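Undergrad: I have a structure here, written as structure tokens, and I will follow up with some questions on it.
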Amino acid sequence: MTTADFIRGLPKAELHLHIEGSLEPELMFELGKRNGIALPFKSVEDVRAAYAFSNLQDFLDIYYQGAGVLITEDDFKDLALAYFRRVAADGCKHVELFFDPQTHTDRGVPFRVVIEGLLAGMKEAETSLGVTSSLILCYLRHLDEDAAFATLKDAEPYLDRIMGVGLDSSEVGHPPSKFARVFKASRERGLKLVAHAGEEGPPAYVWEALDLLGVDRIDHGNRALEDAALVKRLVAEGMTLTVCPLSNLKLCVVHDLKAHPLKKMLGLGLKATLNSDDPAYFGGYLGANWTQTSDALGLTKDELVTLAKNSFTGSFLPPQTIARHLADIDAYVAKGS
Ligand code: HPA
Ligand code: ZN
């Protein structure tokens, strides 16, 4: 069995996926046409050619522009279903997906339209593809905390269908401390908490996410490696890091996949997971992240199995469901060896 085949069959979860970042140029054009929204690109090739980023902000500018074609419930449902079909083929069994309501409500698309469309796509993915999922609402950190509170208010009628909240968008200059009150309010409503930290921002932002926000997971966390005391803390707490190698490459967080710190993270005892972030923009879905990273770093079978297990033990699934996925992984490995 090739490594790619082994990876495809290995049960795994995706814990760091922005659903708006799964908008492929083909669907972008289709939805633009459907909704009468002109795009500043002539063709799908033109769009792809624009995906050369030097940093996070370069990407975010084009990502928010692309999301402008999403208008109706069906648009959000189609977007979600297109993503689920891709990851189901990669052997993904469960997804905890981010969505950015403010990107849409600021354009006049109601919160209800966004979430109802996504929930419809998630439901259909579970029935037709066998992939389970839950939603993580992300606050945009370049906006102020009052705007985040308004979004939490929009979410009130849907709190039983939202697993948690996260923090994304432009990191540097927008530390986690800016959102301490809205994270506290989110926690009080029973929501899980995650935050992007240490993608471009310094280790101090990871400390803040832990100490001031009280997060349950860190998204990215690469720059934690610059601070030995922080690594020690993350290892001691068994804190899950949702690492995204192809994203890191595309946004110049690393300059070569061979220099990616994932293997080093595992060696240090950090609970790393492998994820795609914004697969339509960064050159690959979950499977491509796994195979390309495995090839570049020479990940061992044991390391691959650890990553698969981390993706479930780091998830917000109930303990019995996690145990069932772990047993499936063990059965798969036993059968193959
Ligand atoms: N980082 C921060 N914000 C984001 C990202 C990311 O990689 N993708 C979508 N929003
Ligand atoms: Zn992200």
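The values are calculated or read from the model by the stated rules, or taken from the named source; none is laboratory data. A quick note: this is a predicted structure, and the numbers were derived from the prediction, not measured. Don't worry about glycine lacking a Cβ; one is built from the backbone with ideal geometry, like all the others, and counts go over all protein chains shown.
Undergrad: For residues that are of a type in the set (V, I, T) and within 21 Å of V165 (Cβ to Cβ), scanning just the range 203-257, find the one that is farthest from ligand 1 (Cβ to nearest atom).
TA: Applying the filter and picking the extreme gives T240.
Undergrad: Out of everything in the range 78-127 that is in contact with a helix residue (DSSP H, G or I) (Cβ under 8 Å, 6 or more places away or on another chain) and of a type in the set (S, T, N, Q), what residue ends up being surrounded by the fewest Cβ atoms within 10 Å (Cβ to Cβ)?
TA: Filtering first and then ranking leaves T105.
Undergrad: Picking from V215, V182, V165, V254, which residue would you name as being of a type in the set (V, I, T) and over 30 Å from F111 (Cβ atoms)?
TA: Numbers: V215 fails: over 30 Å from F111 (Cβ atoms); V182 fails: over 30 Å from F111 (Cβ atoms); V165 fails: over 30 Å from F111 (Cβ atoms).
It is V254.
Undergrad: Now a separate question. Given the criteria without any contact (Cβ under 8 Å) to a residue 40 or more places away in the chain, within 16 Å of ligand 2 (Cβ to nearest atom), crowded, with 19+ Cβ neighbours inside 10 Å and of a type in the set (A, V, I, L, M, F, W, C), does L193 qualify?
TA: Here the answer is yes, as L193 does meet what is asked.
Undergrad: Within the range 38-62, take every residue that is under 20 Å from the mean Cα position of the chain (by Cα) and among the charged types (D, E, K, R) and give me the one that is nearest to S247 (Cα to Cα).
TA: D58
Undergrad: Taking H142, is it under 29 Å from K184 (Cβ atoms), out of contact with any helix residue (DSSP H, G or I) (no Cβ under 6 Å at 6 or more places or on another chain), within 16 Å of ligand 1 (Cβ to nearest atom) and not aromatic (F, W, Y)? Can you show your working first?
TA: Values: under 29 Å from K184 (Cβ atoms): yes; out of contact with any helix residue (DSSP H, G or I) (no Cβ under 6 Å at 6 or more places or on another chain): yes; within 16 Å of ligand 1 (Cβ to nearest atom): yes; not aromatic (F, W, Y): yes.
It is true that H142 is under 29 Å from K184 (Cβ atoms), out of contact with any helix residue (DSSP H, G or I) (no Cβ under 6 Å at 6 or more places or on another chain), within 16 Å of ligand 1 (Cβ to nearest atom) and not aromatic (F, W, Y).
Undergrad: Is it the case that F53 is part of a helix (DSSP H, G or I) and in contact with a Cys (Cβ under 9 Å, 6 or more places away or on another chain)?
TA: no
Undergrad: Does T321 satisfy the criteria of being closer than 23 Å to V215 by Cα, of a type in the set (S, T, Y), under 22 Å from the mean Cα position of the chain (by Cα) and surrounded by fewer than 17 Cβ atoms within 10 Å (Cβ to Cβ)?
TA: yes
Undergrad: Which count do you get for residues in the range 164-190 that are more than 16 Å from ligand 2 (Cβ to nearest atom), buried (at least 20 other Cβ atoms within 10 Å of the Cβ) and within 14 Å of D216 (Cβ to Cβ)?
TA: Number of matching residues: 2.
Undergrad: So, in the range 24-42, exactly how many residues are part of a loop (DSSP other than H, G, I, E, B), exposed (fewer than 13 other Cβ atoms within 10 Å of the Cβ) and touching a residue at least 12 places away in the same chain (Cβ under 8 Å)? Write out each step before concluding.
TA: Step one: of the range 24-42, the residues part of a loop (DSSP other than H, G, I, E, B) are 24, 36-42.
Keeping just the survivors that are exposed (fewer than 13 other Cβ atoms within 10 Å of the Cβ) gives 36, 38, 40, 42.
Then drop every residue that is not touching a residue at least 12 places away in the same chain (Cβ under 8 Å), which leaves 40.
Final tally of qualifying residues: 1.
Undergrad: Report whether or not N35 is more than 16 Å from ligand 1 (Cβ to nearest atom), at pLDDT 95 or above and of a type in the set (S, T, N, Q).
TA: The answer is yes for N35.
Undergrad: Would you list the helices (runs of 4 or more DSSP H) that sit entirely within the range 112-223 and hold 3 or more residues that are under 25 Å from C252 (Cβ atoms)?
TA: Ranges flagged: 203-208.
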